[in-house]
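Nothing in this text is a laboratory measurement; each read-out follows from the coordinates by a stated rule. This structure is a prediction, so every number in the text was calculated from the model and none was measured. No Cβ is skipped: glycine too gets one built from the backbone with ideal geometry, and neighbour counts run over all protein chains shown.
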Amino acid sequence: MPFAPEQRAYSDTRKRTSSAYVKFSPAFRVVLRILDENARLAWKHWIPEANAGKGMMATCPNTATERICPIDSSLAGLDKEDPKYIDRKAKKRYIVNVLDRTPYTVCDSCGTETPGKACIACQADLKKHTFTPLNRIKILESGPQLFTTTLNAVEQMQAEEFDGAGITDYDITFSATGVGRDRKIAAIPAAPSEISADDLVDPETGEPQKAFRLDDLLEPSTVEEIEAMLKGATIADLNVIRGIV
Ligand SMILES: [Zn+2]
Ligand SMILES: [Zn+2]
């Protein structure tokens, strides 16, 4: 039975924060249950100026008939080998809902909810702590390396080993090495297992968590949003531009 959690409202999906996205770090392993059988594809530009210089992705608003994207206009005429073109052109990004099942604990030195052997906020040693799965629905977004190479291989291997098991039937442990462009992510699947209804409950509300609406995440950025991002806009600034406060 494919697992199909209820979907969030449009404004809730569009008003997302960075904590809604899975982040990989060499400091700890990440355990995910993929919730969507098929990833969705978007073409995105990396805008290094956005988010006050920390960088952010924008979904390219160009279509076959409408060429309105300010980034593509700024790249017009550049050679395909030009580093500026390679850095700024739109690239394939895949998106799925996942249940983040990474073991977390609460640091007794600073109170931060954290995974890993050391607190992500204060680096305190967590060895004696008890960890429980976070069980929070997040968005996993990455490029073809993770989705079409790594995860396709996992899916194929598991289907052979576990008689047709699908990508949503088991947890996968991801470990990251390297930084920036040298970042490599390995994925090791567990045996198939069921997710219980309890795993999906939001501890704050006691209600089942809802999945993000992938269609809303694929919505192209507007020219106004991209121009604001080129000037350093943050997610909070963009939520204001989108009229979501
Ligand atoms: Zn574009
Ligand atoms: Zn701490």
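Could you pull out every residue, at least 5 positions away or on a different chain, whose amide H is within less than 5 Å of the one on V201? Hs are placed 1.01 Å off N in the peptide plane, and Pro or chain starts have none.
Close amide H contacts, sequence-distant or interchain: Q209.
Nearest 5 percent is fine: what portion of the DSSP beta bridges confined to the chain is antiparallel? It would help to have the intermediate numbers written out before the result.
Details: 35 of 37 bridges.
Counting only bridges with both partners in the chain, antiparallel ones make up about 95 percent.
Mind checking which of E160, E219, E49 has the largest fluctuation in a GNM of the chain, springs on alpha carbons under 10 Å?
E160
Can you grab the distance from the C-alpha centre of segment 107-169 to the C-alpha centre of segment 172-245, Å, no decimals?
Going from one Cα centre to the other spans 14 Å.
Summing -39500 (n - 2.57) over the DSSP H runs of n ≥ 4 in the chain and dividing by its residue number, what mean residue ellipticity at 222 nm do you reach, to the nearest 500 deg cm²/dmol? Don't skip to the end; give the middle numbers.
Numbers: 8 runs with 50 residues, N = 245.
The per-residue figure over the chain is -4500 deg cm²/dmol.
Among the chymotrypsin sites (Phe, Trp or Tyr not before Pro) within segment 107-190, which fall in a DSSP loop and have no more than 15 other Cβ atoms within 10 Å of their own Cβ?
Working: sites: F131, F147, F162, Y170, F174; in loops: F131, F162, Y170.
Of the chymotrypsin sites (Phe, Trp or Tyr not before Pro), the ones in loops of segment 107-190 whose Cβ has at most 15 other Cβ atoms within 10 Å are F131, F162.
Spelling out what I want: for every residue of segment 194-211, take phi, set θ = phi - 60°, compute 6.51 cos²θ - 1.76 cosθ + 1.60 (Karplus), and round to whole Hz; glycine and proline get x.
These are the phi-based 3J(HN,Hα) values: 8, 8, 8, 4, 4, 5, 9, 6, 7, x, 6, 9, x, 9, x, 5, 10, 6 Hz.
In square nanometres and to one decimal, what's the mean projected area of the convex hull around the Cα atoms of the chain? If you can, show how the numbers build up before the last one.
Working: hull surface 61.8 nm².
Average of the hull's projected areas for the chain equals 15.4 nm².
Residue by residue through segment 166-173, which ³J(HN,Hα) values in whole Hz follow from phi under the Karplus form 6.51 cos²θ - 1.76 cosθ + 1.60 (θ = phi - 60°), with glycine and proline marked x?
Working through the residues one at a time gives x, 4, 8, 8, 8, 7, 10, 9 Hz.
Report the relative contact order of segment 10-241, percent, no decimals, based on alpha-carbon pairs under 8 angstrom and at least 6 residues apart.
Details: 395 pairs, mean separation 68.0, N = 232.
29 percent.
Once fully extended, how much extra length lies between N62 and R40, figured as 0.36 nm per residue of separation less the alpha-carbon to alpha-carbon distance? All intermediate terms of the calculation are to be shown ahead of the outcome.
Values: separation 22, 0.36 × 22 = 7.92 nm, distance 1.75 nm.
Gain on extension, N62 to R40, equals 6.2 nm.
To the nearest 20 debye, what charge dipole does the chain have about its Cα centre, counting +1 at the Cβ of each Lys and Arg and -1 at the Cβ of each Asp and Glu? Before the final figure, lay out the partial values.
Details: 31 positive and 36 negative charges, 174 e Å.
It comes to approximately 840 debye.
Taking amide H positions as placed in the peptide plane 1.01 Å from N, state which residues far from L134 in sequence (5 or more) or on other chains have amide H under 5 Å from it.
Residues meeting the criterion, in which the H sits 1.01 Å from N, are T102, Y104.
Take the chain, connect every pair of alpha-carbon atoms lying under 10 Å apart with a spring to form a Gaussian network, then pick out the residue of V31, V201, V22 with the largest mean-square fluctuation.
With Cα springs under 10 Å in the chain, the top fluctuation among V31, V201, V22 is at V201.
Give me Y21, Y104 sorted ascending by neighbouring Cβ count inside 10 Å, so fewest comes first.
Details: Y21 14, Y104 21.
Going from least to most buried by this count: Y21, Y104.
Checking the table K23/K184; K54/K80; K92/K231; K44/K80; K23/K138 against a 21 Å threshold on Cα-Cα, which pairs fail? The partial results should precede the final answer.
Details: K23/K184 13 Å; K54/K80 25 Å; K92/K231 24 Å; K44/K80 17 Å; K23/K138 10 Å.
Pairs exceeding the cut-off: K54/K80; K92/K231.
With axes computed from alpha carbons, what is the tilt in degrees of helix 152-161 against the longest principal axis of the chain, rounded to the nearest 10 within 0 to 90?
It is inclined by approximately 30 degrees.
Using amide H atoms built in the peptide plane, which far-off residues or other-chain residues are under 5 Å from Y21 H to H?
I139
I need the shape label for segment 179-232. Rule: rounded when a/c is under 1.5, else prolate if a/b > b/c, else oblate, with a, b, c from the alpha carbon gyration tensor. Provide the component values of the computation, followed by the final result.
Numbers: a/c = 2.81, a/b = 1.43, b/c = 1.96.
Oblate.
Lone cysteines in the chain, defined as no other cysteine's Cβ under 4.7 Å from theirs: which are they?
C60, C69
Pairs of Cα atoms under 8 Å, at least six residues apart: use those to get the relative contact order of segment 21-140, whole percent.
Values: 194 pairs, mean separation 35.8, N = 120.
Dividing the mean separation by the residue count of segment 21-140 yields 30 percent.
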